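Undergrad: Submitted below is the structure of interest, expressed as structure tokens.
The values are calculated or read from the model by the stated rules, or taken from the named source; none is laboratory data. As the structure is a prediction and not an experimental result, all values here were calculated from the model. Counting neighbours? That spans all protein chains shown, and the Cβs are built from the backbone with ideal geometry, glycine included.
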């Protein structure tokens, strides 16, 4: 006789992988066989995961259509069974699957990656942002070695397509943009300001400055980075302006 733990494991394997071992242990009737009863749970499991994917990637579902999205979701469930305690994080490898499935339409995978990052920014850990007064309290001799702690929601993405504009058009039920593929990658910034997820495109100088600052660079190294785009005399003002904007946008949670 199977133990309860064995039955539970067999039931899980049936729901997740279609293993038939448990069928003989389930009572059935002529009208509703054991396989039919078990199928109810298996189908409910897959529908719940599909709903979770659609909840996180609603614009992707809108672009593909519900039927095509459901097919891709089913493929994803088979390839990557849920292994997370929270269903919220199921779907992290969907962009990789879409890259293989739509090689000639790269904006589809990038839209999924964009939506996933937007959702992750909203769910990121909390951190109290500093105010502009915190910068005013820094002694002049400490500015060269000043380092910054960014809010956990801050992300930078290099997009090879115009997926962010596609996302915006789908969100607003507006006409979809033409010419979705770009001649060169565009950097985008995503973060959470208070309880609202924000995003904006980045010029090359700000993208490089952010990358330096987020990797532990100092204000001095940030200025060195900006010298590739600006005259040395103009760099301190450029760096200070960027830093102030990051603070006002609630992207910085600390300075040391």
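Undergrad: Could you say whether any residue in region 181-195 is assigned to a loop (DSSP other than H, G, I, E, B), touching a residue at least 60 places away in the same chain (Cβ under 8 Å) and surrounded by 12 or more Cβ atoms within 10 Å (Cβ to Cβ)?
TA: no
Undergrad: Hey, another quick one. Looking at 208, 213, 203, which is the one that is at pLDDT 95 or above, surrounded by 19 or more Cβ atoms within 10 Å (Cβ to Cβ), assigned by TED's automatic domain parsing to the domain that holds residue 251 and within 30 Å of residue 125 (Cβ to Cβ)?
TA: Only one candidate passes the filter, namely 213.
Undergrad: Go through (1) in contact (Cβ under 8 Å) with a residue 24 or more places away in the chain; (2) in contact with a helix residue (DSSP H, G or I) (Cβ under 7 Å, 6 or more places away or on another chain); (3) in a loop (DSSP other than H, G, I, E, B) one by one and return the number of the condition residue 113 breaks.
TA: In the conditions (1) in contact (Cβ under 8 Å) with a residue 24 or more places away in the chain; (2) in contact with a helix residue (DSSP H, G or I) (Cβ under 7 Å, 6 or more places away or on another chain); (3) in a loop (DSSP other than H, G, I, E, B), residue 113 misses (3) alone.
Undergrad: Would you confirm, using the coordinates I've provided, whether residue 178 is modelled with pLDDT under 95 and assigned to a strand (DSSP E or B)?
TA: Spelling it out, it is not the case that residue 178 is modelled with pLDDT under 95 and assigned to a strand (DSSP E or B).
Undergrad: Given 51, 10, which one is modelled with pLDDT of 90 or more, more than 20 Å from residue 113 (Cβ to Cβ) and either surrounded by fewer than 17 Cβ atoms within 10 Å (Cβ to Cβ) or more than 20 Å from the chain's Cα centre (by Cα) (or both)?
TA: The match here is 51.
Undergrad: Conditions first: (1) more than 19 Å from the chain's Cα centre (by Cα); (2) modelled with pLDDT of 95 or more; (3) surrounded by fewer than 19 Cβ atoms within 10 Å (Cβ to Cβ); (4) more than 20 Å from residue 138 (Cα to Cα). Residue 226 passes all but one, so which condition is the exception?
TA: If we test residue 226 against (1) more than 19 Å from the chain's Cα centre (by Cα); (2) modelled with pLDDT of 95 or more; (3) surrounded by fewer than 19 Cβ atoms within 10 Å (Cβ to Cβ); (4) more than 20 Å from residue 138 (Cα to Cα), just (3) comes out false.
Undergrad: Looking at (1) farther than 18 Å from residue 170 by Cβ; (2) touching a helix residue (DSSP H, G or I) at 6+ places or on another chain (Cβ under 7 Å); (3) free of Cβ contacts under 8 Å to residues at least 12 places away in the same chain, can you tell me which one residue 61 breaks?
TA: Result: residue 61 passes all but (1).
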